[in-house]
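The values are calculated or read from the model by the stated rules, or taken from the named source; none is laboratory data. Predicted model only: the values in this text are computed from it and were never measured. Positions of Cβ are generated from backbone atoms using ideal geometry, with glycine treated the same way; all protein chains shown enter the neighbour counts. SASA here: full protein model, heavy atoms, side chains in, ligands and nucleic acids out. Shrake-Rupley method; radii C 1.70, N 1.55, O 1.52, S 1.80 Å.
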Amino acid sequence: MLENTLLTYISENYLGSDDQGFNADTPILELNIIDSGSLFDLVELLRRETGASIPLNQVTPGNFASVRKMVDLVTRLQQH
């Protein structure tokens, strides 16, 4: 499941052992868990995992605010 893949990736790469309470609704940008460079790592991960092409104009703070928002973005893109 994409949500679990994202949670695991972010936890392992950006949180280390400090992932208590981290879930799909954790505001990852607001809490500075990832930075702008990491954002594009997540875009690439989404592309690899789902085959979805994410247009640059969709790489916004709103679409990457949380794991749930990223999953919602991919779902919307795959429906079009």
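Among Leu15, Leu31, Leu45, which one shows the highest mean-square fluctuation when the chain is modelled as a Gaussian network with alpha-carbon springs under 10 Å? Most flexible of the set in this elastic network: Leu31.
With a Cα-only, solvent-free Debye model of the range 1-61, what are the log10 I(q)/I(0) values at q = 0.16 Å⁻¹? The Debye formula, applied to the Cα set alone, gives -0.51.
Think of a 1.4 Å ball rolled over the protein heavy atoms: the range 1-73 then has 58 Å² of accessible area per residue.
Site pair Arg76 and Asn32 shows an inter-label distance of 2.8 nm when each label is modelled 7 Å from Cα along Cα→Cβ. Note on Leu56 and Tyr9: with the Förster distance fixed at 22 Å, the Cβ-Cβ geometry gives a FRET efficiency of about 0.55. Projecting the Cα atoms of Asn4, Gly51, His80 onto the charge dipole of the chain, computed from C-beta unit charges around the Cα centre, puts His80 farthest toward the positive end.
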